[in-house]
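What follows is a set of notes on a single structure, which appears directly below.
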Amino acid sequence: MFYRLARAIVYSIFRFFFKIKIEGKDKIPLNKPFLLASNHLSNLDPPLLAACCPFKIGFLAKKELFKNKLFGACIKALGAIPLNREKAGIGVMRLCLKTLSTKSLLIFPQGTRGGSLNDPFSGVGFLCKKAKVSVVAARIHRADKTCSKRLKFPRRGEIKVIFSLVDGIDDADSYEEITLKVVNKIKSL
């Protein structure tokens with residue numbers, strides 16, 4: 001209930017404040033959990049992607065966001081999994097796999113906002129292979145122009161989100177090969 005209400009509010013704010021274009025929403029599987037892998041341009045990306053998905057989706061969030069007890073409790077209720085970026089341990093991967101057994105999960109292969117997709121973390125490949133789920137690639141365009149590290153406040157503008165199912169993933173692929181296929185799909189959108 002809280003998630004749906006928050007999603008509706010966030011989506012309304014995004015539609016009012018930004019001109020949002022969504023392509024490929026029909027590529028999102030509706031009947032089973034999947035891994036949503038996206039580029040990461042701004043702080044707006046997790047709520048933007050969650051608002052664009054038709055159902056609840058979990059996500060990884062840096063542990064620093066949980067320092068404020070109220071905010072931490074709020075994002076945890078929305079499906080956030082705390083992540084220590086210095087040493088992402090097996091515990092986090094177990095939580096991700098548990099999440100993927102019941103609902104979809106958002107992950108950013110570049111690891112951090114503004115990071116390079118040319119040097120991705122292989123967690124995407126690991127989770128895809130271990131959870132045996134499909135991967136939906138998402139590409140966010142122009143969110144860094146509306147909400148960047150340099151801006152004190154977000155500014156109006158157009159944001160485009162494109163979704164596409166990543167095909168060609170084989171059981172014999174390594175974590176790195178899967179990650180590369182996912183990243184190449186994101187780059188192509």
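The values are calculated or read from the model by the stated rules, or taken from the named source; none is laboratory data. Because the structure is a prediction, the values reported are computed rather than measured. Neighbour counts are summed over all protein chains in view; Cβ atoms, including those assigned to glycine, are modelled from backbone coordinates with ideal geometry.
Of all residues in segment 127-134, one or more are on the phi > 0 side of the Ramachandran plot, of a type outside the set (Ser, Thr, Tyr), modelled with pLDDT of 90 or more and not in a helix (DSSP H, G or I).
Do we have any residue at all in segment 71-91 that's free of Cβ contacts under 8 Å to residues at least 12 places away in the same chain, touching a Leu at 6+ places or on another chain (Cβ under 8 Å) and buried (at least 16 other Cβ atoms within 10 Å of the Cβ)? Checked against the condition, which is being free of Cβ contacts under 8 Å to residues at least 12 places away in the same chain, touching a Leu at 6+ places or on another chain (Cβ under 8 Å) and buried (at least 16 other Cβ atoms within 10 Å of the Cβ), segment 71-91 yields at least one hit. Residues in segment 41-56 that are within 21 Å of residue 101 (Cβ to Cβ) and small (Gly, Ala, Ser): 50 only. Taking segment 4-37 as the range and being closer than 28 Å to residue 125 by Cα, within 16 Å of the chain's Cα centre (by Cα) and not charged (D, E, K, R) as the test, the residues that pass are 22, 24, 28, 29, 33, 34, 35, 36, 37.
The set of residues in segment 112-126 that are in contact with a His (Cβ under 7 Å, 6 or more places away or on another chain) and not in a loop (DSSP other than H, G, I, E, B) is empty.
Consider segment 93-125. How many of its residues are surrounded by fewer than 20 Cβ atoms within 10 Å (Cβ to Cβ), in contact with a Phe, Trp or Tyr (Cβ under 8 Å, 6 or more places away or on another chain) and within 23 Å of residue 27 (Cβ to Cβ)? Going through segment 93-125 one residue at a time, the tally reaches 1.
Restricting attention to segment 28-62, the residues being charged (D, E, K, R) and at pLDDT below 85 number 1.
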